[in-house]
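Please read the structure below before turning to the comments.
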Amino acid sequence: MLMARATNKIEKNSIYVQQILQSNTFSKLNESLSVGREALKELGINLPNNDSPDVAHLFNKELDLIVKRLEELGKTPDGYIDCSEMLKPADQETQCFSTLTTSLIVTAYLYDEKIFPLLASITARVILETCLMPASSTSLAYFAIVLVSKSEFNLARDVSNLAMHCATKLFPDHLAERCRTTHLYNIFCHHWFRPICEIIPSSKEAFTMGLDCGETTYAVYTFSASCCMHLYCGNNINLVINDIKTGLAAARKYKNHIIDELVSQVECVYKMLVSIHLTPEQLKAMDDQLFEPLVNKLPQVRHLTHRLMLRFLFDGVSTLDDVNNEYQCMLKIDEILPFMVSMYDNVILLFYESLMLVRCIKCLRGLDSFDPLLKQELNARLDRNVSSLTLWNNIYSDNILNKLLLIKAQISAYVLDEGYVSLKYYKESIKESEKQQFTQETAVALELEGEYWLNVLQDQDHGKLCIQRSYNAYKKWGITRKVKDLLSKYDHLVESVVQLSPSTSNASSLTNTMNLNSAYFDLKSILRGSHVISSSIDIHKLLSNIMKIVIETAGATDGSIILEGRVEAQYSNNNIDTECSIPLDQWKDGCKSIVDHVTRDQTSIVLGCAHTDPLYEYIKNDPYVMSRHTKSVLCMPVIYQNEVKAVLYLENTLTTDCFKSEQVNVLNILITQVAISLENSKFFDSRMKAMEELAEVQTNRAREEEAFRRKQEEFIDRICHEIRNPIQGITGNCEVINHLLMKLSRTTTNINLVEEIHSYVGSISSCAQYQKVITDDVLTLSKLEFNQVTLVAQQTEISNVFTNVVRMFQGQANKNGIALLECDESRFSQVLTNLVSNAIKFTPTGIIEICCMHRPYGDANSNLVEIETSVTDTGIGISADDLETIFDRFAQVTQRATSDYNGSGLGLFICKMMVELMGGRITVHSTVNSGSTFVFSTIAKKIKILDSATKHTKIDTSRNTNIINLDVLNTSSKENAHVLIVEDNKINQKVLAKMVGHYHCSFVVANNGLEGLNKFKTEKFDLVFMDVSMPVMDGYESTRQIREYEIQQACAPTVIVGLSGNARQGKVMMVCLTYFSAEHLEAGLASGMTMYITKPIQQRDIIKIIDSIKQV
């Protein structure tokens, strides 16, 4: 009714804005967007639906216009966008647009992630083309969010700076806009360009502004963000808890379901962190409350982030159920990842998720059985996280580098088993965390390094140092529950740290023992000094801490620390230098005579006035003392195990008799801790240097091994290529002779002679095929040795695998007179093929039985099945002695077996490696002269319900299908196909020509790639067979130039089939039923080849290829 009474655009716009605000209040966000589309249409802007294909195109168009406009505006001398052109009054239509989009853009952000970027870009473009208004700052901040999510970081920095300039400098009195803009900038942009610690004071200011002006929703958003930043920065929880209580009390006054979620979340997280008095049941209930389903995305982001952090800090992963539960929770993250990609919460989320992933992978390595696919998925997710963090670290490293280094340390320690590399990453991560003052991440890194020292390297000394430092860091953070957990877990390691808070009686006892005046002897100062000294392991930081404590305790104006004849630290003019490293004979800031005396006699010297002291005449006459008129001097040896490890030299150049006995006594107490800490630091440095050297040696060794591996691969590939070329000639000629024999059998009466020739040809073909099997085994073994065999999960009809394997050996079984019974998968089939081949080989007569059974694997909800396959024969069997080594490389059952049955001794070794790779096991039971049973199991995913646990089929062994009858093939549709054969081997040329000729195709032969290219340009061909390795020009280059020629001539691409003798195992391509190298496939396809097959090529391969081009 109100809309009907509206007389102009301004009145209508006001009504639309009210409708949007009302719908937002009741969380009817879809309705808000519908109203917004109508309102924008009134202003001449058509906003498409989120399912429109034009959304992405329109956004890119708007972005191009914005970039062009920013180039027109230019920048000020200090690097900001020059907005002087936009400082003008806005007309009524622009005001209407600004008011409308300010309300609508929030709705799109919360509800429609596809429309939000487009709406934000349209709004930003209109602002840049017209003028700046108070509401412009919020709209520009939202557009900056879009730019960050699109990885346009430079543009995002410029736009976000313009938004903050607009809010704080141009329109500072509009508190609501300042609150909104500051919040958006802090949460989504600040951390990409500035340290995160700067966010907290800015957020506090925005929170106060929001409450003062009534912008309560953004005020509470800002408050929640401030709480999270306190957490992420590692600020002391006990110091910020009162601020949070004040904020919570203020936030609770405003009723809004999003506010309620955020506030309850903050309360819950801090209770979890601080509470140590709650029972496990109460903690579990609080944990459940924290992870309830939420309506709004922002609380979801925070809930998942905090959940991962709490789970990592307080809970372990020790069972397969724990791993599965963590993985399911991680999958929920993917649902909101597009929303949170520009938030700092995402950095924290991926940080703790990556640490949990390593924990899960570490857990799986200790389990006997699990789904191999689960480990692959965990590794893939971990790789994705490291890639994201590496990208973000390249943008602004101060907020991310320490986290990335710690993740790399954990991966090196527990995934890659590169222990000494991990220690380097641990050290760098701790150093970076301390530099950025991330207390909580310092504590976490120290704890993880301590665990590695203790549990993996079995080094109690270094482990103890790390755990003690971690305990202190957690205590500094104020996370009481974690402090208690750490104390309970490592009570014997952190005992000395706990005792740094002595009772009154202990203090009194120590005071009486020392017989010191309490005015001078401050036990708290001693304990604090001891704690500060013992908390450092880095030599430079340790020397700095020692110097700071002793100068403060003794009241000296100058000081030096001498280590092994060199001055390694100096204090002068309120400055500590730990990088000096001056030889003692070149030292000019102290008396060498005093240092020599203390080192020799291992006693301290205290001088009230060195240049007048009557007790030490030689000191009084020292050139340094005489020239400087040296006053108070204190020089003390640092003794450890009866050896002087260092000398402490102090001066007060202002007064005499400065160093009193009370101060000397205090220093005598501290000097013991100094000696221990210096020795620990020295040991740590030497250990780290040794580890770095070892890491460098291991890196060089790894490079050498990689180079050797590549050379070995190249050698094997080259040899196999050279072997397969003649095999191609042998098998190809055998097929041609068989074809000719078939024709001859129709006309000759001497059938016996034909059959005799056919049997000899079959023997030659069998030898060639056996040679091919040996070559394939060598290649597979090479891949296995260098961990280059990967599993490819795909839907498999398991019964088809068994049928194909049985058919493969049908002819051989007929020759032996064996009846094969099949009683119910690339690698599965390879294992089964090897076992069946062995069974036939070692069973002169009798029965071979193949049995396959499946049963559920894991718990009741698991979708995994265990497939158990057995191959039983009634052959010669295996002796008890041979059974122990049957799966070893090159193992043969007996010397007689080697001579009578042939074989490389690689088949069963490869089977065992393959089965273990698939997460299974293989066993054998055998009796001499009675037969053998090989049983192997694999774990697979169940795609559909299997009909029965065991499947039975009988095989007809009477048929023999070794000879292909080419005359009965359908050749009518391609009788005149014209084929180009590019091959440098003369025999292979003849074989290929004969095979193609059998199919009634004409052909032309070229001896190398250049010759083939020239012939292709002179004739039209339907098909090209292209060898990849040839002199003059190889097949890859020839194919590339053929494709370029086809483009120039605007003709359809010809089918080009790559031929190679390299058969390193990879994928299977189109009509090819053999293996080939993934590297060769990539090179072949990159050059433009249609498909790729390996030698030896059989007649049936040629038939399938020519048949397939009928479809082209």
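Quick one: Karplus J couplings for the range 69-86, per residue in order, coefficients 6.51, -1.76, 1.60, θ = phi - 60°, nearest Hz, x for Gly and Pro?
Rounded to whole hertz, the list is 5, 5, 5, 5, 5, x, 10, 6, x, 8, x, 8, 4, 6, 9, 4, 5, 9.
In 10 Å bins starting at 0, how do the alpha-carbon pair distances of the range 567-686 split up by percent?
12, 42, 37, 8, 0
May I ask for the net charge around F684, where only other residues with Cβ less than 11 Å from the Cβ of F684 are counted and Lys, Arg are +1 while Asp, Glu are -1?
Here the charged neighbours net out to -1.
What pairs in K408/K682; K427/K689; K592/K631; K61/K114; K711/K990 have C-alpha atoms more than 21 Å from each other?
Checking Cα-Cα distances, K408/K682; K711/K990 exceed 21 Å.
Would you report the distance distribution of C-alpha pairs in the range 315-449 as whole percents per 5 angstrom bin, up to the bin with the largest distance?
2, 10, 20, 22, 21, 15, 8, 2, 0
Can you pull the Kirkwood radius for the range 346-413, inverse mean 1/r over Cα pairs, to one decimal in Å?
12.5 Å
Among 1014-1021, 160-167, 483-490, how do they line up from the highest to the lowest mean number of other beta-carbon atoms within 10 Å?
160-167, 483-490, 1014-1021
What share of Cα pairs, in percent, lie more than 12 angstrom apart in the range 40-98?
Across the range 40-98, Cα pairs with separations above 12 Å total 78 percent.
Pull up all non-local amide H partners of V1005: gap of 5 or more, or a different chain, and H-to-H distance under 5 Å with H placed in the peptide plane.
I981
Per residue, what accessible area does the range 839-878 have, given a 1.4 Å probe and all protein chains present, in Å²?
Accessible area per residue: 43 Å².
What share of Cα pairs, in percent, lie more than 21 angstrom apart in the range 535-619?
Distances greater than 21 Å cover 34 percent of the Cα pairs.
Equivalent-ellipsoid semi-axes (√(5λ), Cα gyration tensor) for the range 546-588, whole Å, largest first?
So the equivalent ellipsoid measures 19, 10, 9 Å along its semi-axes.
Please report the net charge: other residues with Cβ closer than 10 Å to the Cβ of L563, K and R +1, D and E -1.
With Lys, Arg at +1 and Asp, Glu at -1, the net is +1.
Per the Kirkwood formula on distinct C-alpha pairs, the Rh of the range 622-767 is how many angstrom?
About 24.8 Å for the range 622-767.
Taking H placed 1.01 Å from N in the peptide plane, check which residues at least 5 places from E418 or on another chain put their amide H under 5 Å from its amide H.
A413
Which of the three applies to the range 24-165, rounded, prolate or oblate, going by the alpha-carbon gyration tensor with a ≥ b ≥ c and a/c under 1.5 meaning rounded?
prolate
The values are calculated or read from the model by the stated rules, or taken from the named source; none is laboratory data. In this text the structure is predicted, and so the values were computed from the model without any measurement. Ideal geometry is used to build each Cβ from the backbone, glycine not excepted, and the neighbour counts take in all protein chains shown. Heads up: the accessible areas ignore ligands, DNA and RNA and are worked out on the full protein's heavy atoms, side chains in. Shrake-Rupley method; radii C 1.70, N 1.55, O 1.52, S 1.80 Å.
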